[in-house]
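S.K.: Can you keep this structure in mind? I'll have questions shortly.
The values are calculated or read from the model by the stated rules, or taken from the named source; none is laboratory data. None of the values given here were measured: they were computed from a predicted structure. FYI the Cβ positions are ideal-geometry reconstructions off the backbone, even for glycines, and counts take in every protein chain you see. Calculation scope for accessible area: heavy atoms of the full protein, side chains included, ligands and nucleic acids excluded. Shrake-Rupley method; radii C 1.70, N 1.55, O 1.52, S 1.80 Å.
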Amino acid sequence: EAQVTQNPRYLITVTGKKLTVTCSQNMNHEYMSWYRQDPGLGLRQIYYSMNVEVTDKGDVPEGYKVSRKEKRNFPLILESPSPNQTSLYFCASSLRPRVLARYNEQFFGPGTRLTVL
Amino acid sequence: QKEVEQDPGPLSVPEGAIVSLNCTYSNSAFQYFMWYRQYSRKGPELLMYTYSSGNKEDGRFTAQVDKSSKYISLFIRDSQPSDSATYLCAMSEGGTASKLTFGTGTRLQVTL
(Lines give C-alpha, C1' and ligand atoms only; values in the text may rest on other atoms or scores of the structure.)
Protein backbone atom coordinates (compact mmCIF):
# COMPACT_ATOMS: atom_id res chain seq x y z
CA GLU A 1 0.00 0.00 0.00
CA ALA A 2 1.31 3.43 -1.03
CA GLN A 3 1.70 5.53 2.06
CA VAL A 4 3.60 8.00 4.18
CA THR A 5 4.38 6.80 7.67
CA GLN A 6 5.44 8.81 10.69
CA ASN A 7 6.75 7.74 14.04
CA PRO A 8 5.99 8.27 16.79
CA ARG A 9 2.32 9.24 16.48
CA TYR A 10 2.25 10.78 19.94
CA LEU A 11 5.12 12.14 21.98
CA ILE A 12 5.34 14.01 25.27
CA THR A 13 8.76 15.32 26.14
CA VAL A 14 10.48 17.98 28.21
CA THR A 15 12.21 21.18 27.20
CA GLY A 16 15.70 20.65 25.85
CA LYS A 17 15.58 16.92 25.27
CA LYS A 18 16.57 16.20 21.68
CA LEU A 19 14.07 14.23 19.64
CA THR A 20 13.59 12.93 16.12
CA VAL A 21 10.34 12.31 14.29
CA THR A 22 10.78 9.88 11.44
CA CYS A 23 9.01 10.05 8.08
CA SER A 24 9.14 7.41 5.39
CA GLN A 25 7.38 7.02 2.04
CA ASN A 26 7.23 4.00 -0.26
CA MET A 27 6.16 5.77 -3.45
CA ASN A 28 9.62 6.70 -4.74
CA HIS A 29 8.70 10.37 -4.41
CA GLU A 30 11.39 12.97 -4.85
CA TYR A 31 9.71 15.80 -2.97
CA MET A 32 9.18 15.60 0.79
CA SER A 33 8.08 18.22 3.25
CA TRP A 34 7.32 18.83 6.91
CA TYR A 35 4.40 20.94 8.14
CA ARG A 36 3.13 21.92 11.54
CA GLN A 37 -0.55 22.51 12.19
CA ASP A 38 -1.70 24.89 14.90
CA PRO A 39 -5.20 26.19 15.72
CA GLY A 40 -5.91 29.45 13.97
CA LEU A 41 -2.70 29.25 11.96
CA GLY A 42 -3.35 26.26 9.75
CA LEU A 43 -0.62 24.19 8.18
CA ARG A 44 2.74 25.89 7.82
CA GLN A 45 5.76 24.47 6.04
CA ILE A 46 8.87 23.88 8.15
CA TYR A 47 11.36 22.36 5.69
CA TYR A 48 11.21 20.68 2.35
CA SER A 49 13.45 18.55 0.18
CA MET A 50 13.47 18.36 -3.60
CA ASN A 51 15.64 15.25 -3.63
CA VAL A 52 18.36 13.37 -1.77
CA GLU A 53 20.83 15.74 -0.08
CA VAL A 54 18.75 18.78 -1.17
CA THR A 55 16.83 20.53 1.59
CA ASP A 56 15.56 24.06 2.06
CA LYS A 57 13.74 26.15 4.65
CA GLY A 58 10.02 26.67 4.58
CA ASP A 59 8.10 29.37 6.42
CA VAL A 60 8.87 28.37 10.01
CA PRO A 61 12.27 26.58 10.13
CA GLU A 62 13.58 28.00 13.43
CA GLY A 63 14.34 25.30 15.98
CA TYR A 64 14.18 22.43 13.48
CA LYS A 65 16.64 20.45 11.41
CA VAL A 66 16.12 17.91 8.67
CA SER A 67 18.23 15.53 6.62
CA ARG A 68 17.63 13.60 3.41
CA LYS A 69 20.23 10.89 3.10
CA GLU A 70 17.88 8.43 1.41
CA LYS A 71 15.04 9.09 -0.97
CA ARG A 72 12.41 7.40 1.19
CA ASN A 73 13.26 9.00 4.56
CA PHE A 74 13.02 12.58 5.76
CA PRO A 75 13.45 12.84 9.55
CA LEU A 76 12.61 15.98 11.50
CA ILE A 77 15.01 16.79 14.32
CA LEU A 78 14.36 19.06 17.27
CA GLU A 79 17.77 19.61 18.90
CA SER A 80 16.41 21.48 21.92
CA PRO A 81 12.60 21.41 21.95
CA SER A 82 10.70 24.25 23.56
CA PRO A 83 7.02 24.53 24.57
CA ASN A 84 6.23 26.68 21.52
CA GLN A 85 7.03 23.64 19.37
CA THR A 86 4.04 21.82 20.84
CA SER A 87 2.02 21.11 17.73
CA LEU A 88 0.67 18.54 15.29
CA TYR A 89 3.29 17.66 12.69
CA PHE A 90 2.69 16.26 9.22
CA CYS A 91 5.11 14.85 6.73
CA ALA A 92 4.12 14.91 3.05
CA SER A 93 5.59 13.65 -0.21
CA SER A 94 4.95 14.01 -3.92
CA LEU A 95 6.52 13.52 -7.28
CA ARG A 96 8.62 16.51 -8.17
CA PRO A 97 6.58 18.83 -10.37
CA ARG A 98 8.04 19.26 -13.83
CA VAL A 99 5.10 19.90 -16.07
CA LEU A 100 3.12 23.10 -15.89
CA ALA A 101 -0.63 22.62 -15.50
CA ARG A 102 -0.11 19.22 -13.93
CA TYR A 103 -0.36 19.16 -10.21
CA ASN A 104 1.42 16.38 -8.39
CA GLU A 105 -0.62 15.51 -5.34
CA GLN A 106 1.06 15.73 -1.97
CA PHE A 107 0.35 12.69 0.18
CA PHE A 108 0.28 13.34 3.90
CA GLY A 109 1.25 11.09 6.75
CA PRO A 110 -1.08 10.47 9.71
CA GLY A 111 0.51 13.14 11.89
CA THR A 112 2.62 13.27 15.05
CA ARG A 113 1.19 15.06 18.05
CA LEU A 114 4.07 16.53 20.03
CA THR A 115 3.80 18.07 23.47
CA VAL A 116 6.81 19.81 24.97
CA LEU A 117 6.52 20.49 28.70
CA GLN B 1 -2.65 39.89 6.75
CA LYS B 2 -2.48 36.19 5.98
CA GLU B 3 -1.73 35.13 2.45
CA VAL B 4 -4.79 32.86 2.46
CA GLU B 5 -7.93 33.59 4.46
CA GLN B 6 -10.53 31.00 5.28
CA ASP B 7 -13.50 31.17 7.63
CA PRO B 8 -12.84 28.60 10.38
CA GLY B 9 -16.51 27.82 11.01
CA PRO B 10 -17.75 25.57 12.42
CA LEU B 11 -20.39 25.18 9.76
CA SER B 12 -23.34 22.93 10.60
CA VAL B 13 -25.79 21.87 7.88
CA PRO B 14 -28.50 19.23 7.60
CA GLU B 15 -27.99 16.17 5.44
CA GLY B 16 -28.79 16.89 1.79
CA ALA B 17 -27.91 20.59 1.96
CA ILE B 18 -25.63 22.37 -0.47
CA VAL B 19 -22.46 23.52 1.23
CA SER B 20 -20.32 26.43 0.09
CA LEU B 21 -16.76 26.79 1.38
CA ASN B 22 -14.58 29.73 0.43
CA CYS B 23 -11.09 31.14 0.57
CA THR B 24 -9.58 34.44 -0.45
CA TYR B 25 -5.92 35.04 -1.15
CA SER B 26 -3.54 37.89 -1.80
CA ASN B 27 -0.68 36.35 -3.81
CA SER B 28 -1.42 36.78 -7.52
CA ALA B 29 1.35 34.28 -8.38
CA PHE B 30 -0.72 31.33 -7.15
CA GLN B 31 -1.65 29.09 -10.08
CA TYR B 32 -2.72 25.82 -8.43
CA PHE B 33 -5.70 25.74 -6.12
CA MET B 34 -6.48 22.72 -4.02
CA TRP B 35 -9.03 21.54 -1.55
CA TYR B 36 -7.93 19.04 1.05
CA ARG B 37 -10.23 17.19 3.41
CA GLN B 38 -9.02 16.30 6.87
CA TYR B 39 -10.89 13.92 9.12
CA SER B 40 -10.30 14.06 12.83
CA ARG B 41 -6.92 12.55 13.82
CA LYS B 42 -5.92 12.04 10.20
CA GLY B 43 -3.67 13.74 7.70
CA PRO B 44 -5.14 15.92 4.94
CA GLU B 45 -6.10 14.18 1.71
CA LEU B 46 -6.51 15.86 -1.65
CA LEU B 47 -10.11 16.30 -2.70
CA MET B 48 -9.79 18.41 -5.82
CA TYR B 49 -7.41 20.71 -7.58
CA THR B 50 -7.75 23.35 -10.27
CA TYR B 51 -5.11 24.96 -12.40
CA SER B 52 -5.67 28.67 -13.00
CA SER B 53 -9.24 29.98 -13.27
CA GLY B 54 -12.40 28.06 -13.98
CA ASN B 55 -14.63 25.34 -12.65
CA LYS B 56 -14.03 21.67 -12.04
CA GLU B 57 -16.62 19.10 -11.10
CA ASP B 58 -16.13 15.69 -9.55
CA GLY B 59 -19.28 13.91 -8.45
CA ARG B 60 -20.94 15.94 -5.72
CA PHE B 61 -18.01 18.37 -5.51
CA THR B 62 -17.41 21.48 -7.60
CA ALA B 63 -14.38 23.71 -7.28
CA GLN B 64 -14.39 27.24 -8.64
CA VAL B 65 -11.52 29.66 -9.03
CA ASP B 66 -11.86 33.35 -9.80
CA LYS B 67 -8.33 34.70 -10.13
CA SER B 68 -9.53 38.22 -10.91
CA SER B 69 -11.18 38.37 -7.48
CA LYS B 70 -8.59 36.12 -5.79
CA TYR B 71 -11.42 33.94 -4.55
CA ILE B 72 -11.93 30.19 -4.60
CA SER B 73 -14.91 28.07 -3.62
CA LEU B 74 -15.80 24.47 -3.02
CA PHE B 75 -19.44 23.40 -3.35
CA ILE B 76 -20.71 20.13 -1.95
CA ARG B 77 -24.10 18.99 -3.23
CA ASP B 78 -26.35 16.56 -1.37
CA SER B 79 -24.11 16.69 1.69
CA GLN B 80 -23.73 13.50 3.70
CA PRO B 81 -22.73 12.89 7.33
CA SER B 82 -19.53 11.32 5.94
CA ASP B 83 -18.64 14.77 4.58
CA SER B 84 -18.18 15.97 8.17
CA ALA B 85 -14.53 17.02 8.31
CA THR B 86 -12.27 20.04 8.14
CA TYR B 87 -11.79 21.40 4.64
CA LEU B 88 -8.52 23.13 3.89
CA CYS B 89 -7.90 25.27 0.86
CA ALA B 90 -4.32 25.30 -0.37
CA MET B 91 -2.48 27.14 -3.09
CA SER B 92 0.78 26.88 -4.91
CA GLU B 93 2.73 28.95 -7.36
CA GLY B 94 3.64 25.74 -9.12
CA GLY B 95 6.54 25.37 -11.51
CA THR B 96 9.44 23.55 -9.91
CA ALA B 97 8.24 24.28 -6.40
CA SER B 98 5.67 22.30 -4.50
CA LYS B 99 5.25 24.63 -1.55
CA LEU B 100 1.65 24.78 -0.45
CA THR B 101 0.15 27.72 1.38
CA PHE B 102 -2.87 26.62 3.37
CA GLY B 103 -5.92 28.32 4.74
CA THR B 104 -6.73 27.64 8.38
CA GLY B 105 -9.52 25.21 7.46
CA THR B 106 -13.31 25.23 7.85
CA ARG B 107 -14.85 22.61 10.09
CA LEU B 108 -18.03 21.17 8.57
CA GLN B 109 -20.63 19.14 10.43
CA VAL B 110 -23.41 17.48 8.44
CA THR B 111 -26.23 16.40 10.71
CA LEU B 112 -28.89 13.73 10.16
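S.K.: With (1) free of Cβ contacts under 8 Å to residues at least 12 places away in the same chain; (2) surrounded by 17 or more Cβ atoms within 10 Å (Cβ to Cβ) as the list, and residue A:56 as the residue in question, which single condition is left unmet?
M.R.: Failing condition for residue A:56: (2).
S.K.: OK, next. For residue B:41, indicate whether it is open to solvent by 20 Å² or more (accessible area, probe 1.4 Å), closer than 24 Å to residue A:4 by Cβ, among the charged types (D, E, K, R) and facing another protein chain (nearest Cβ under 10 Å).
M.R.: Numbers: open to solvent by 20 Å² or more (accessible area, probe 1.4 Å): yes; closer than 24 Å to residue A:4 by Cβ: yes; among the charged types (D, E, K, R): yes; facing another protein chain (nearest Cβ under 10 Å): yes.
Yes: the conditions hold for residue B:41.
S.K.: Could you grab me the full set of residues in region B:8-21 that are under 15 Å from residue B:87 (Cβ atoms), open to solvent by 50 Å² or more (accessible area, probe 1.4 Å) and more than 12 Å from every other protein chain (Cβ to nearest Cβ)? Can you show your working first?
M.R.: First pass over region B:8-21, keeping only residues under 15 Å from residue B:87 (Cβ atoms): B:8-13, B:17-21.
Within this subset, residues satisfying the condition of being open to solvent by 50 Å² or more (accessible area, probe 1.4 Å) are B:8, B:10-12, B:18, B:20.
Within region B:8-21, B:10, B:11, B:12, B:18, B:20 meet the criteria.
S.K.: Okay, moving on. Do we find a residue being within 27 Å of residue B:93 (Cβ to Cβ), at the interface with another protein chain (Cβ under 9 Å from one of its Cβ atoms), over 15 Å from the mean Cα position of the chain (by Cα) and open to solvent by 30 Å² or more (accessible area, probe 1.4 Å) anywhere in region A:20-39?
M.R.: Yes: region A:20-39 contains one or more residues that are within 27 Å of residue B:93 (Cβ to Cβ), at the interface with another protein chain (Cβ under 9 Å from one of its Cβ atoms), over 15 Å from the mean Cα position of the chain (by Cα) and open to solvent by 30 Å² or more (accessible area, probe 1.4 Å).
S.K.: Quick one: count up the residues across region A:40-52 that are open to solvent by 10 Å² or more (accessible area, probe 1.4 Å), more than 11 Å from chain B (Cβ to nearest Cβ) and aliphatic (A, V, I, L, M).
M.R.: Qualifying residue count for the region: 1.
S.K.: Output the residues belonging to region B:66-93 that are in contact with a Lys or Arg (Cβ under 9 Å, 6 or more places away or on another chain), of a type outside the set (D, E, K, R) and modelled with pLDDT under 95. Let's see the steps before the verdict.
M.R.: First, pick out the residues of region B:66-93 that are in contact with a Lys or Arg (Cβ under 9 Å, 6 or more places away or on another chain): B:75-80, B:83-88, B:92-93.
From the residues that got through so far, the ones that are of a type outside the set (D, E, K, R) too are B:75-76, B:79-80, B:84-88, B:92.
Result: B:92, single match.
S.K.: Return the only residue of A:111, A:40 being of a type outside the set (S, T, N, Q) and at pLDDT below 95. Break it down stepwise before answering.
M.R.: Values: A:111 fails: at pLDDT below 95.
Matching residue, one of A:111, A:40: A:40.
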